[in-house]
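Asks: My questions will all concern the structure given below.
Laboratory data are not the source of any read-out in this text; all were calculated from the coordinates shown. Owing to the predicted nature of the structure, the values given are computational and were not obtained by experimental measurement. Here the Cβ positions follow ideal geometry from the backbone for every residue, glycine too, while neighbour counts run over all protein chains shown.
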Amino acid sequence: MDLSVLNLLIEKTVEETLNEALRKFNLSFFKKLHLTQERINYAAKNLPALGRGLGRNVYAISNSKVLKVATSESGFEQNEAEVSIFTHNKDNHLVTKIYDFDPKYAWVISELVKEFGTEEKFQEVIGLDAYFLYTLLTKTEQDIENDIQKKQKELNDFMQSGMAEEEPWKIDQLNSSIRWFKTLLDDYQIIYKDPKIGHFVADVRNMTKTHNLDPSDVAYRHFGQNLKGEVKFFDYGGTEAIMKKHYSRIKR
Ligand SMILES: Nc1ncnc2c1ncn2[C@@H]1O[C@H](COP(=O)(O)OP(=O)(O)O)[C@@H](O)[C@H]1O
Ligand SMILES: [Mg+2]
């Protein structure tokens with residue numbers, strides 16, 4: 001069979017299966033539920049589950065939308081943060097769209113993405129080492145310039161202190177720190193020279209700063225691609241305040 005016909009058939013079957021699975025779910029009924037446990041039970045019983053987070057359970061509600069149901073106080077707060085970020089940032093193409101939400105933030109309906117899931121996939125699509133993102137978000141070029149100057153001053157002071165002969169290893173240590181920071185600065189330059197990666201990093205940095213997001217929650221595992229293949233940040237409710245309040249003792 002022609003491969004395109006086969007693909008079409010597979011898609012059609014998947015869509016039919018999904019539609020069949022979704023037929024049992026009544027959104028108006030769901031919206032009227034009062035208790036968290038009722039919402040979780042009803043969604044879990046009638047929708048395909050996509051994932052479970054620290055504050056929300058996520059279900060497919062159509063072939064392009066998901067329902068994120070808060071399961072704890074932090075889930076309500078993250079839903080609220082996402083609604084606020086999305087509505088204040090309508091031109092921000094980086095985050096998943098929000099189509100509908102509960103006025104008390106018990107749930108949001110947002111854009112379906114296929115999560116990257118692995119560091120390798122993130123690196124393949126974005127062109128950036130997944131763990132380097134954290135460094136980029138927590139240190140600006142100016143911070144690194146300052147680090148270099150600080151180490152340079154330490155080195156100069158040490159050389160003049162008369163201790164250099166007694167502790168020569170300290171000179172090597174300081175020089176190696178300076179070298180490391182310079183390498184880091186070079187890496188930043190390389191990244192910013194590539195317009196695709198440069199724009200991505202600038203957008204993520206800007207968003208993290210504007211909304212006080214916890215950089216450790218702005219991680220590769222919270223990015224994916226929507227149906228059009230556009231890169232989307234889908235778990236963007238992790239503000240510093242929320243993460244500190246609920247998860248400061250949990251390693252995420
Ligand atoms: N827009 C989405 N499309 C597809 N799956 C999603 C989407 N949002 C979340 N998920 C899935 O649900 C899981 C939990 O969602 P997440 O937003 O990380 O919740 P929490 O912030 O409460 O931890 C994610 O790890 C992912 O597997
Ligand atoms: Mg989160």
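Asks: Jot down the radius of gyration and Dmax of segment 119-247, Cα atoms only, both in angstrom.
Replies: 18.9, 65
Asks: Which one, Ile171, Ile109, Ile190, has the greatest fluctuation when you compute a Gaussian network model over the chain with C-alpha springs under 10 angstrom?
Replies: Of Ile171, Ile109, Ile190, the most mobile in the Gaussian network model is Ile171.
Asks: Still on this structure, I have one more. Report the extension gain between Thr87 and Gln225 in nm, rounded to one decimal, defined as 0.36 nm multiplied by the number of residues separating them, less their alpha carbon distance.
Replies: Working: separation 138, 0.36 × 138 = 49.68 nm, distance 2.06 nm.
Answer, rounded to one decimal: 47.6 nm.
Asks: When Ser74, Ser110 are ordered from fewest to most other Cβ atoms inside 10 Å of their Cβ, what list results? It would help to have the intermediate numbers written out before the result.
Replies: Numbers: Ser74 21, Ser110 25.
The order, fewest Cβ neighbours first, is Ser74, Ser110.
Asks: Mind ordering 20-31, 51-62 by average Cβ neighbours within 10 Å, highest first?
Replies: Ranking the peptides 20-31, 51-62 by packing returns 51-62, 20-31.
Asks: In addition: Grab the eigenvalues of the alpha-carbon gyration tensor for segment 3-114, scale each by 5, take roots, and send me the semi-axes largest first in whole angstrom.
Replies: Values: eigenvalues 134, 71, 24 Å².
Semi-axes (√(5λ), whole Å): 26, 19, 11.
Asks: Calculate one ³J(HN,Hα) per residue across segment 163-176 by plugging θ = phi - 60° into the Karplus curve 6.51 cos²θ - 1.76 cosθ + 1.60, and present them in order as whole Hz with x for glycine and proline.
Replies: Working through the residues one at a time gives 8, 4, 6, 6, 10, x, 4, 5, 5, 4, 4, 5, 4, 6 Hz.
Asks: Same structure, new question: Can you give me the long-range amide H partners of Thr239? Hydrogens built in the peptide plane at 1.01 Å from N, cutoff under 5 Å, separation of 5 or more residues or another chain.
Replies: Asp214
Asks: How many nm separate the modelled label positions at Gln123 and Ile197, each set 7 Å beyond the Cα in the direction of the Cβ?
Replies: 1.1 nm
Asks: Pull out the extension gain between Asn156 and Leu185, defined as 0.36 nm times the separation in residues minus the alpha carbon to alpha carbon distance; nm, one decimal.
Replies: Numbers: separation 29, 0.36 × 29 = 10.44 nm, distance 2.14 nm.
Between Asn156 and Leu185, full extension yields an extra 8.3 nm.
Asks: Rounded to the nearest 0.05, what FRET efficiency do Ser28 and Lys170 have when you use their Cβ-Cβ distance and R0 = 51 Å? Present the calculation step by step, with values, prior to reporting the outcome.
Replies: On the way: r = 70 Å, r/R0 = 1.38.
So, using R0 = 51 Å, E works out to roughly 0.15.
Asks: How are the Cα pair distances of the chain distributed, in percent, across 10 Å bins from 0?
Replies: So the P(r) values, bin by bin, are 6, 24, 27, 19, 12, 7, 3, 1, 0.
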